[in-house]
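Participant: One structure is given below, represented as C-alpha cells, and several questions about it will come after.
The numbers here are math on the coordinates, done by the rules we state, and not lab data. Please read all numbers here as calculations on a predicted model, not as lab measurements. Backbone-built Cβ (ideal geometry, glycine too); neighbour counts: all protein chains shown.
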Amino acid sequence: MENKKGQQMTLGTIIAIVLGLVVLVFLIYGFSTGWGSLWEKVTGLGGGDVNVDTMSTACTLACQQDNQYGFCNQSRTIVVSADAAKEAGNCTSFATKGYVDKCSITC
C-alpha cells in the first residue's frame with residue numbers, strides 16, 4: 001500500500017463517463033443540426049418506412065389461408081421507396097401493380 005500512486009477508477013465509472021460523453025455528443029449534434037434532420041438520417045439508415053416486404057408477406061399469408069376478405073377487401077398502405085408517396089389499396093390492387101404475388105382467390 002505504500003507505493004500506491006493514485007486512486008483506482010472502477011470499470012463502472014469508466015463506462016458511465018463514456019456513456020455520458022456519447023449522450024452529450026448526441027445532444028449537441030441534435031440541437032445544432034435540428035432534430036428533424038437527425039431523425040431522417042436515423043430512419044434512412046434503417047430503410048425508413050419502406051414496407052413492400054411486409055405487405056408481400058401479409059398478402060401471401062392471406063392467400064395461403066384462403067382469406068378472401070384479407071386479400072380482396074382489407075385496406076392496406078404500401079410504401080415502395082423512401083421518395084415515393086404512400087399508396088392505399090388492397091392485396092389485389094398491389095398484385096396487379098406487381099408489388100406482391102398474385103393469388104388464386106377470386107375477388
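Participant: Give, in nm to one decimal, the length gained when the segment between residue 38 and residue 84 is fully stretched (0.36 nm per residue of separation minus the Cα-Cα distance). It would help to have the intermediate numbers written out before the result.
Facilitator: Working: separation 46, 0.36 × 46 = 16.56 nm, distance 2.03 nm.
Contour length minus the Cα-Cα distance gives 14.5 nm.
Participant: Taking R0 as 35 Å, what's the FRET efficiency between residue 14 and residue 49 from their Cβ-Cβ distance, rounded to 0.05?
Facilitator: Details: r = 39 Å, r/R0 = 1.10.
Approximately 0.35, to the nearest 0.05.
Participant: Would you mind calculating the gained length between residue 97 and residue 24 on full extension (0.36 nm times residue separation, minus the Cα-Cα distance), in nm to one decimal?
Facilitator: Answer, rounded to one decimal: 21.6 nm.
Participant: Of the listed values [x] 31, 14, 10; [y] 24, 18, 16; [z] 53, 19, 9, grab the one calculated as semi-axes √(5λ) of the Cα gyration tensor in Å from the structure here.
Facilitator: Computing semi-axes √(5λ) of the Cα gyration tensor in Å and matching it to [x] 31, 14, 10; [y] 24, 18, 16; [z] 53, 19, 9 gives [z].
Participant: Compare the peptides 57-63, 95-101 by average per-residue count of other Cβ atoms within 10 angstrom and give them in order, highest first. Display every interim value, and only then the final one.
Facilitator: Numbers: 57-63: 18.1, 95-101: 14.7.
Top to bottom by mean Cβ count within 10 Å: 57-63, 95-101.
Participant: With a point put 7 Å past each Cα toward its Cβ, work out how far residue 104 is from residue 66 in nm, to one decimal.
Facilitator: 1.0
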